[in-house]
Each structure stands twice: as structure tokens, then as C-alpha cells.
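To start, the structure under review is shown below, and the notes come after it.
The values are calculated or read from the model by the stated rules, or taken from the named source; none is laboratory data. The structure displayed is predicted, hence computed values, not measured ones. Here the Cβ positions follow ideal geometry from the backbone for every residue, glycine too, while neighbour counts run over all protein chains shown.
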Amino acid sequence: MTWSLDSVVARHKEAPYTFYVPSEYVLNKIEIGELVKLIFLCGEEDTEYRGERMWVEIIHRSGDELIGTLRNEPVSIKDLVFGQEIHFKIEHICDTMHHDPSAVNWDYYFEKKVVVTNDVLERNEFNFMVRDFPNEGSESDTGWSFFTGYEEENDPDDIDNYQFISIGKVLNIDDSILSFIDREPQCAFERNLETKEFYEVFDYEWEE
């Protein structure tokens, strides 16, 4: 067999704020005859596709164990065809046809943007964060900027040293900032490297 099913639960644990999983409320509602989406991983290394997300129609459910029939035509997985019977578990479902009340949180994680230095992404950490007023006319810009504190050798005016990413990617690194992420601008926070906790900086010098 040249394919396997991806565990969305494991994926979500690795990236809890950028890899969406249906809420328990939604998963408990799915019934026979409904469509759910699964991630089929390719087992061959010579394909340009790592995997395919496809819909499966449920024909049997016993608790967390399900059976369905594939309702998409695979693009690259050779021994998988439309209508094929698929045995899977709740942990494999990455999407459903139901409205998910928790989706509003995911909209925030995906759509709201922050500025980070390349060093933040390379080290997978940040130790200083400031929130200035967002750019006028931008609905996605939060005004937040994140730094590691080790960027001294970089030119602060060089745009190539920065990236504009979803706030969810920053929360994947450290979600302890959720307790003050909604603070109004202007504000600044620095991490105590001994306790690993953030404290507010009241004497930050803001540029005009």
C-alpha cells in the first residue's frame, strides 16, 4: 500500500494554533451518510505530493471507529481509487460539513498578522515583544512585533530581516502571551530569562 492516514491529533499537538482540528462538539455530531475529510499521506518519495486531503462518506460508525467510501479521485496515490472502502478513526478527521463554533478562534489565529525577525523563526523563540498602533487600512495587522534580543548585528531598517506572519505561528512557539495579547497599544513586554515569564516594560522609548 502506497498510502497511510495522517493523525490530525498528532499534527495539532505540534502546531496547536495553525493546524485546525474539528472540535469535539462537531465530531460527536457526525453520522452515517455524512462527508468527512481525511489526509492521505503518500508512501512514495518520488512524488511531488506529500499527501492529499479528500472527502470520505461514512457508511459505518462504532464509537471512534469508522468506515467510509472515498468520494474524490486521487491525484498521485496509485492504489487508491474513487469509491474505495476506507477504515479510519476519529483522530484522522481534519474537517467536516458541520459548522464549528470554535472556528472563530481559528480565524483569529490565521488572519491576524504580526511582525517577527528572521531570528525568531530560526531560533523558534522570542524574548521581547512590542505593540504599536497597527498600519492604517490594514485589517490583519495587529501592531505586534517580536524579537529574540540577539538581532544586534542586523540592520533594523532592512526589510529582509523581518517577516509578516500569522499570530498563530507565534503562539505555537509560546502561548503564555495569550494572557496579554489583547492589550491596547502602545505596550512592551520582555522575558525574564531566568523565570521564562514576561513582564511589562513601562519605560520603552517609542519612535515618533
Q. Restricting attention to the range 2-18, and to residues there that are among the charged types (D, E, K, R) and in a helix (DSSP H, G or I), which single residue is farthest from Gly68 (Cα to Cα)?
A. Glu14
Q) Does Ile165 satisfy being surrounded by 12 or more Cβ atoms within 10 Å (Cβ to Cβ), assigned to a loop (DSSP other than H, G, I, E, B), aliphatic (A, V, I, L, M) and under 20 Å from the mean Cα position of the chain (by Cα)? A) no
Q | Answer residue from the range 59-109, given it is of a type in the set (S, T, N, Q) and touching a helix residue (DSSP H, G or I) at 6+ places or on another chain (Cβ under 8 Å) and is farthest from Glu139 (Cα to Cα) among those | A | Thr96
Q | Pair list, Cβ < 8 Å and 6+ apart or interchain, from the range 84-107 residues that are at pLDDT below 95 and of a type outside the set (Val, Ile, Thr) to residues that are in a helix (DSSP H, G or I) and surrounded by fewer than 14 Cβ atoms within 10 Å (Cβ to Cβ) | A | Asp100/Tyr25; Pro101/Tyr25; Ser102/Tyr25
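Return the residues of the range 67-125 that are of a type in the set (A, V, I, L, M, F, W, C), under 21 Å from Leu27 (Cβ atoms) and part of a strand (DSSP E or B); say none if nothing qualifies.
Ile67, Leu70, Ile86, Phe88, Ile93, Cys94, listed by residue number.
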Q. Quick one: what pairs do we get from the range 146-164, first residue of a type in the set (Asp, Glu), second modelled with pLDDT of 90 or more, C-beta under 6 Å, 6+ apart or different chains?
A. Glu151/Thr117; Glu151/Asp119
Q. In this structure, is Phe88 in contact with an Asp or Glu (Cβ under 7 Å, 6 or more places away or on another chain) and of a type outside the set (Gly, Ala, Ser)?
A. no
